[in-house]
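**Q** Here it is, the structure, as structure tokens.
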Amino acid sequence: MKTCFIFGALGVSKMPILPQKNDLIIAADKGFDVATKLGITPDIIVGDFDSLGLIPDGDNIIKLNIRKDDTDTAHCIEIAKEKGYRNFYIYGAVGGRLDHTVANIQLASSLAQDGFTAVFIGEKESFTVIKNKSVIFDAAAQGRVSVFSLCDQSYGVTEKGLSYTLNDGILYRNEPLGISNEFIGEESEISVKSGELLVVWEAACLPKFYD
């Protein structure tokens with residue numbers, strides 16, 4: 001699967017997954033600084049450059065109008081989708097402004113609805129959205145993991161290999177039943193048969209996706 005790495009404005013000190021030879025690397029505005037400090041050279045740099053404070057030199061710059069409907073990250077995703085990329089790792093897009101975090105959750109939801117996979121990776125927490133599929137974490141995962149329904153009702157929700165388990169249950173958008181579960185040193189799985197789940201975890205690890 002073609003993979004795109006996008007770097008946002010918030011710094012990260014560790015990268016649980018690194019770009020490989022044929023992956024696409026895009027920096028969103030100040031994400032150019034974030035990528036550079038990690039020793040990563042972007043293929044494309046996108047933004048209105050209000051947060052970076054300058055327009056980088058080069059022929060790989062896409063300058064956006066500061067008055068726009070979408071975020072810089074959303075523009076990066078659209079560029080990658082047009083180039084055929086379906087798998088996204090987005091660094092430095094979690095833990096800052098609440099409105100930007102909500103916007104990124106909406107982006108993750110949109111990607112899940114269209115059959116893409118995306119993980120938004122922050123310094124302390126990461127998240128993904130799954131629709132009618134599963135994510136599996138290996139036994140090394142530690143810390144908390146929370147699950148929320150993004151639709152009115154998500155059916156056939158299973159959580160196993162965690163401190164609290166659920167088998168073929170229902171989660172509701174207006175009830176935070178899935179908050180503050182924990183990894184327990186076993187391979188764990190979170191799945192939904194019909195619906196859409198936001199999965200948030202604090203472990204420095206990445207899940208595997210399964211239909």
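**Q** Taking the stated definitions as given, is residue 62 under 24 Å from residue 137 (Cβ atoms) and not in a helix (DSSP H, G or I)?
**A** It is false that residue 62 is under 24 Å from residue 137 (Cβ atoms) and not in a helix (DSSP H, G or I).
**Q** State whether the residues of region 52-73 include one that is under 22 Å from residue 3 (Cα atoms), in contact with a strand residue (DSSP E or B) (Cβ under 8 Å, 6 or more places away or on another chain) and at pLDDT 85 or above.
**A** Scanning region 52-73, I find at least one residue that is under 22 Å from residue 3 (Cα atoms), in contact with a strand residue (DSSP E or B) (Cβ under 8 Å, 6 or more places away or on another chain) and at pLDDT 85 or above, so the answer is yes.
**Q** Now, a different point. May I ask you to verify whether residue 111 is part of a helix (DSSP H, G or I) and either at pLDDT 95 or above or in contact with a Pro (Cβ under 6 Å, 6 or more places away or on another chain) (or both)?
**A** Details: part of a helix (DSSP H, G or I): yes; either at pLDDT 95 or above or in contact with a Pro (Cβ under 6 Å, 6 or more places away or on another chain) (or both): yes.
Yes; evaluated as a whole, the condition is true for this residue.
**Q** Given the criteria within 24 Å of residue 20 (Cα to Cα) and modelled with pLDDT of 95 or more, does residue 136 qualify?
**A** yes
Residues checked against (1) among the aromatic types (Phe, Trp, Tyr); (2) within 26 Å of residue 16 (Cβ to Cβ); (3) in contact with a Cys (Cβ under 6 Å, 6 or more places away or on another chain); (4) surrounded by fewer than 16 Cβ atoms within 10 Å (Cβ to Cβ):
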{"site": "152", "(1), (2), (3), (4)": "no, no, no, yes"}
{"site": "155", "(1), (2), (3), (4)": "yes, no, no, yes"}
{"site": "165", "(1), (2), (3), (4)": "no, yes, no, yes"}
{"site": "169", "(1), (2), (3), (4)": "no, no, no, yes"}
{"site": "172", "(1), (2), (3), (4)": "yes, no, no, yes"}
{"site": "180", "(1), (2), (3), (4)": "no, yes, no, yes"}
{"site": "192", "(1), (2), (3), (4)": "no, yes, no, no"}
{"site": "200", "(1), (2), (3), (4)": "no, yes, no, no"}
{"site": "204", "(1), (2), (3), (4)": "no, yes, no, no"}
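**Q** On to the next question. For the structure I just gave you, tell me whether residue 147 is touching a Pro at 6+ places or on another chain (Cβ under 8 Å) and either surrounded by fewer than 16 Cβ atoms within 10 Å (Cβ to Cβ) or not in a loop (DSSP other than H, G, I, E, B) (or both).
**A** The answer is no for residue 147.
**Q** Quick test for you: out of 40, 26, 55, pick the one residue that is over 14 Å from the mean Cα position of the chain (by Cα), over 21 Å from residue 204 (Cα atoms) and surrounded by 15 or more Cβ atoms within 10 Å (Cβ to Cβ). Can you show your working first?
**A** Details: 40 fails: over 21 Å from residue 204 (Cα atoms); 55 fails: surrounded by 15 or more Cβ atoms within 10 Å (Cβ to Cβ).
Going through 40, 26, 55 in turn, the sole match is 26.
The values are calculated or read from the model by the stated rules, or taken from the named source; none is laboratory data. All values derive from a computational prediction rather than experimental measurement. Cβ coordinates were reconstructed from backbone atoms using ideal geometry, including for glycine residues, and neighbour counts include every protein chain displayed.
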